[in-house]
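The values are calculated or read from the model by the stated rules, or taken from the named source; none is laboratory data. Just so you know, these numbers come straight off a predicted model, no measurement behind them. Quick reminder, even Gly has a Cβ in these numbers, built from the backbone with ideal geometry, and neighbours come from all protein chains shown. The protein model used for the area step is the full one, side chains on, heavy atoms only, and it has no ligands, DNA or RNA in it. Shrake-Rupley method; radii C 1.70, N 1.55, O 1.52, S 1.80 Å.
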Amino acid sequence: MEGSFQLLASLVCVILMGSFVRTKSDTTRNLLDTELHSAPAQRWSMKVPAEVSAAAGEAAVLPCTFTHPHRHYDGPLTAIWRAGEPYTGPQVFRCAAARSSELCQTALSLHGRFRLLGNPRRNDLSLRVERLALADDGRYFCRVEFAGDAHDRYESRHGVRLRVTAAPRIVNISVLPGPAHTFHALCTAEGEPPPALAWSGPALGNGSAAVPSPGQDHGHQVTAELPALAHDGRYTCAASNSLGRAEASVYLFRFHGASGAAAIALPLGALGLKVLLLLGVLAARAAARRRLEYPVTQDASPRPQAQESNYENLSQMSPQGPPAAVCSP
């Protein structure tokens with residue numbers, strides 16, 4: 001009887017222990033589930049797209065949203081955007097908001113082309129970039145800083161890639177002298193995607209491939225060389241990519257010296273021309289001298305005077321003659 005009592009007591013103890021273990025396991029699982037579900041609201045995070053693409057001259061928007069562990073934070077904050085590298089890259093935009101204010105006062109905007117679109121109080125740091133240029137191509141990183149009691153900050157580590165596209169443009173084209181009286185041509189163009197360059201000209205045909213110049217490519221610029229210009233004339237450089245095409249031309253005219261009889265005739269002809277000019281000048285001077293020594297004189301003979309009276313002229317011509325007869329009726 002006593003043995004049965006002990007066996008019954010042992011069974012009750014085992015049942016109670018099992019219940020205790022199961023209850024503790026359930027409680028632990030519930031605690032873990034609670035931490036997992038509450039974790040996103042208890043840590044920093046930033047969401048940005050991998051890439052944003054826009055054409056040069058237009059505007060682009062760089063989206064950036066974040067979460068933070070400080071619920072209902074209304075203290076001072078600062079929003080920052082960097083270019084190139086996170087944490088150490090140069091700032092292109094910065095604004096600050098006072099406590100309980102949703103207005104973020106701009107403190108820095110590179111070239112005046114960067115403007116905040118989002119509201120940092122609502123976890124939005126989105127940025128707008130105006131009048132894009134090829135130099136704006138690169139990676140950008142958003143950052144937010146809290147001040148006061150919740151002194152905390154966070155910055156995106158990978159950032160968003162801004163890809164600026166542009167049709168080709170010829171930056172420079174020139175002909176340069178080389179050794180032993182030779183000449184070569186250089187053509188530099190820019191665009192995104194980087195353009196392909198081709199030369200055409202005398203004895204080259206159309207669309208002749210250009211030779212890339214080693215070490216001459218910089219970012220969106222491409223340089224190609226035409227190593228030997230064998231003929232005079234017009235040489236054209238064409239740059240093309242998926243967005244368009246551009247052309248520019250340069251001219252080469254070399255002085256070719258005469259040889260043989262032509263080389264002798266050329267200086268003799270020039271000398272003969274000089275002699276003729278000299279003789280003409282001497283003849284002109286002699287004629288001027290003769291005019292000074294022998295001036296032309298006018299005829300000095302008196303001009304006949306007009307007769308005042310026929311009667312007086314007649315009486316002067318025949319003073320001794322008889323008086324004229326008078327006929328009377």
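Odds and ends about this structure:
Per-residue answers, yes or no, for (1) farther than 17 Å from SER156 by Cα; (2) aromatic (Phe, Trp, Tyr); (3) surrounded by 15 or more Cβ atoms within 10 Å (Cβ to Cβ); (4) in contact (Cβ under 8 Å) with a residue 24 or more places away in the chain:
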residue: ILE80; (1), (2), (3), (4): no, no, yes, yes
residue: GLY84; (1), (2), (3), (4): no, no, no, yes
residue: TYR87; (1), (2), (3), (4): no, yes, no, yes
residue: LEU108; (1), (2), (3), (4): yes, no, no, no
residue: HIS111; (1), (2), (3), (4): yes, no, no, no
residue: LEU125; (1), (2), (3), (4): no, no, yes, yes
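- The residue pairs whose first member lies in the stretch 235-247 and is in contact (Cβ under 8 Å) with a residue 60 or more places away in the chain and among the hydroxyl-bearing types (Ser, Thr, Tyr), whose second member is part of a strand (DSSP E or B) and open to solvent by 30 Å² or more (accessible area, probe 1.4 Å), and whose beta carbons are closer than 9 Å, counting only pairs six or more residues apart or on different chains, are TYR235/ILE173; TYR235/VAL175; TYR235/SER249; TYR235/TYR251; SER240/ALA196.
- Of all residues in the stretch 61-75, those satisfying the criterion of being out of contact with any Leu (no Cβ under 6 Å at 6 or more places or on another chain) and not in a loop (DSSP other than H, G, I, E, B) are VAL61, THR65, PHE66, THR67.
- Here PRO194 fulfils each of the conditions (1) at pLDDT 85 or above; (2) in a strand (DSSP E or B) apart from (2).
- Restricting attention to the stretch 108-141, the residues being part of a helix (DSSP H, G or I) and closer than 21 Å to ALA55 by Cβ number 6.
- The single condition among (1) within 17 Å of LEU162 (Cβ to Cβ); (2) among the β-branched types (Val, Ile, Thr); (3) at pLDDT below 95 that THR67 does not satisfy is (1).
- Here VAL175, VAL144 are screened, and the one residue that is in a strand (DSSP E or B), crowded, with 19+ Cβ neighbours inside 10 Å and β-branched (Val, Ile, Thr) is VAL144.
- The lone exception for SER45 - which of (1) under 29 Å from GLY191 (Cβ atoms); (2) hydroxyl-bearing (Ser, Thr, Tyr); (3) at pLDDT below 95 it fails: (1)
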